[in-house]
1. Leaving ligands, DNA and RNA out of it, work out the accessible area of residue B:83 with a 1.4 Å probe and give it in Å² to the nearest 10.
2. What average count of beta carbons from other chains do you get within 10 Å of the Cβ of residues in C:12-19?
3. Given H placed on each backbone N at 1.01 Å, which residues far from residue B:82 in sequence or on other chains put an amide H within less than 5 Å of it?
4. Rank these by accessible area, largest first, 1.4 Å probe: B:129, B:113.
5. Of B:239/B:287; B:309/B:349; B:42/B:101; A:152/C:13; B:11/B:69, which ones are farther than 21 Å apart at the Cα?
6. Could you give the size of the charge dipole of the range B:4-223 about its Cα centre, using +1 on the Cβ of each K and R and -1 on the Cβ of each D and E, expressed in debye and rounded to the nearest 20?
7. Which of the lysines could a cross-linker span from residue A:126 if the Cα-Cα distance has to be under 30 Å and same-chain partners fewer than 8 positions apart are dropped?
8. Can you give me the angle between helix C:220-230 and the longest principal axis of chain C, using Cα atoms only, in degrees from 0 to 90, rounded to the nearest 10?
Amino acid sequence: MSNEQESTGGVRTSSAEGGELRERVFGLRTAVLRSDAVTGVFDRITGRERVFASVQAGFGLGWMLVFLFAPLLYIVSLSFWQRGAGGVVVQEFTLANYEYILTESVDLASLTFKNLYLTILFQSLKYGVFVTVGALLLGYVPAYFLGRTVTKWKAALLLLVVLPFWVPLIIRYYAWILVLGNQGLLVSMLGWVGIEASGFLYTELAVVSGLTQALLPFMILPIYNSVNEIDSSLIESAKTMGATPLRSFYEVTLPLTLPGVSAGVILVFILSVGSYMAPALLGAPSNTMVANLIESTFGQNLDWPLASAMGVVYLFVLFGLISVFNRFVGLDDVFGGGAE
Amino acid sequence: MSYVQISGVTKTFGDVRAVKDVSFEAERGEFVSLLGPSGCGKTTTLRMIAGLETPTEGTIEIGGEDVTKQPAYERDIGMVFQHYALFPHKTVGENVGFPLKMRGVDKAERRERVADALEMVRLPGTMDRSPTELSGGQQQRVALARALVFEPNVLLMDEPLSALDRVLRQQMRIELERIQEEIGITTIYVTHDQTEAFSLSDRVIVLDQGELSQQGSPLEIYENPQSEFVGEFIGQSTKLSGTVTADDDGVTLRTDSGLSLESGESNLTHDTPALAFLRAEKLSISKTPTGAANELSATVTTVSYLGEKTLFFCTLATGEEITVAEHGFTNVGEYGSGDEVFITIPEEKLLLVEDASNGEPA
Amino acid sequence: MSSRDELGWAAVKGTTGLVYLFLLFPLLAVVIISFQPSKYPTFPPEGLSLTWYEAFLDSDRMLSALTNSFIVALGASVCAGVVGTITALGFVRRSFPGKNVLSSVLFLPMIISPVVIGVALTAFLTRMGMQKSYLLLIAGHTTLVLPYIFVTVRAQLYGFDRAVEEAAMTLGANELETFFEVTLPLIAPGLAAGMLLAFVISFGEFTATQFWVQPATTTAPIEIYTMVRTSITPMINAMATVLMLITVAVPLALDVLLGKNLILKSGL
């Protein structure tokens, strides 16, 4: 962003030439911005608020329409077609994909599905619950600490929570391989203190802890925001009224942080259910989640219609969850709230 | 033909009519104030003159040209905003130079004119500073310099002093008066503050709920309010309602509570329902009857000594509350709550206004 | 403060420390191990060497993947920056029916599994007869990062004093001049923070990207994934460290150097 520092303000003789150039560029820009073609457009739409709104908002919405909705709609139609020989899509209407996915019976006694997709969908939701509970247990206390602490390191400590979010997921999960693997750091460390162990990788625990670590910032930040907003005099006053620390936390802090908690829970749950990389890198084949099944059906089996049907069912479950959550917390609050 | 001409302007926001059929004009070089409480439509009117809002109905002419549909940037109008609206990312010099840059004035001339403008608002040498480093009063001066540097046809000001503290406000008011006189620019000034409007303006336009209530010189507005709203909004007065009786002896207001107040001149006819506005500072108070025509007995409720004046809050024998202001009053100690006093209203100073509510019996 | 308060606070501090360890230890381990000469991580660490960095720098595949990632991330953050800013302006400044629902639409790429987005866009564009190319990658990544720009710019616009724009208009600037002279410089902090975030996310995106790449456009995360799945070589540590440097250290340094603390202030 070059702001026109040259203008009437500073005496900056050393950059006189650059200033002149900028002046000329500015002149050119003015010429363009003032040209009939440009102002003519404004004249025509001045006062037509709606037109402006749809043009501006339409940029992003149009983008989503082309690159998100049209593709999603296309896989809906794809899900009613069939895979032909060699992965070719046969455009004949069929419900076979959905039948294949959904109609196998459920054994209520052991709550297992005799159907791969439903089993895995259920497993994804189960992992989602584990991860969400784990992230809440691990995330609440640091969020509380960050919200209440008065140290000058607060900004740096907050940054440390955000930083892992910038590290590519693949590296974050790779780091877990390095730590938990057969010849990993943890085995080596345990060996150092005299404990024999083989790796911890390719287990449910590895998948869940990897995901928990990856999604923890999404739990900590919203809770931190709501702790941060609490007027500390509220807690003080609870104490002066005779509440023990634990009691005042339970009576004052906890209820006031519930919006942050629910935002964090929704985010972490939704994101973990759709996870692909954690099970792919940290889990055994038995730890597969929905996203992995869709990927292998699409990429390896080249059964695009079946993969589409799986995707559509996943979307149904996702939007079902969202509409349930939406009754309690607006989605916009979940996403927009953190940044304001 | 006047320089700025507002004709039958109405502005509707959804279902709300913010401005209703307002017409007024400003001569070249005239200082006109739009005065009224918040929500009276004065700011909306100003924004329509600036081109920041488009009137729903009516026309706005400047210098004989119809500018109703013209966007703000084509109108050549300088505007000073309530909270300065300086560009925080530009220096003071760049702020003041901005309108010149938009008009393609070259750098050297720009620099010179910016320096002159800053000189005029008594802020020389601040060019390279950031506006955020300046005090509120200084920021408003920069805003004024920015609005004047390109020698616009009209200067608009939207409550420019309201964000300043009392002392600064007074200084800036005097400064504004000086500058406006110096360059003689047609100025339209929006305020809710009577002192500002009266001290600065040639003409004051009082707006009430989007409608023009009265216009005239400060003197006319104050001494001759023509509506209940103006009577109540301007100055500090006690309102009494009654009916006019006019006979050979003159005009008398018989109040609903049974008082009889003689009035000097009035063009109200016999039997007109009317309101009297008893301006606090036009009343006098004494412990003993003076024998004057309009003398009312009352009881003091509270005495409030303010230094340059003293306010007496009293209750008339007929039950109405009345406020009396005495200037330079020193025997405050003699008055206390519960005292019986006599209040005199000079008959030539009794302000009568026709009661628009048509005097339903009280 | 009572002793019970202090005890409680000490427990809070201790727990926080442990969680930070959980959050950061694995990443730290990668960095430390990347400087070790041995093939497998050992504890306590042995020796110090740049062997794996040399191997990484000798690998044309890795370098070209890194270049690809850079091109795509730059393209996507610029593209999303433009689209996201205009969109945020429309949402904050104008009123139109269904605004809340429509703004939720813009967050969907954040919550729908990237596998589904990847599959759907691939299937759709194949159907449209489009080839896999940088363009597809950039368009796909723009979709994925658009919400982040939208959120940060929108937040910036909420705290924006519109009188400043009106002042510019009365001073003779038309709508576009006002945008470039006043609006853009003032929302720049939010936009820059959003674009930085968009860059970082695009740079590290794997899940959807795996459907969109072809050999010539393979990005760094894809290359690392392939290496992790086939043969784990310590070169990955070096590459991962370099990637972390690009996505964490560089933005941070920029932030500090520019002295604006955009990232810290933006909340994400």
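The values are calculated or read from the model by the stated rules, or taken from the named source; none is laboratory data. All of these numbers come straight from a predicted model, not from anything done at the bench. Because the Cβ atoms are built from the backbone with ideal geometry, glycine has one as well, and the counts that use them run over all protein chains shown. Just the protein is used for accessible areas: all its heavy atoms, side chains included, with ligands, DNA and RNA removed. Shrake-Rupley method; radii C 1.70, N 1.55, O 1.52, S 1.80 Å.
1. 120 Å²
2. What the average comes to for C:12-19 is 6.
3. B:158
4. Reading off the accessible areas and sorting them downward yields B:129, B:113.
5. Table pairs above 21 Å Cα-Cα are B:239/B:287; B:42/B:101.
6. 780 debye
7. Cross-link targets: A:114.
8. Compared with the principal axis, the helix lies near 30 degrees.
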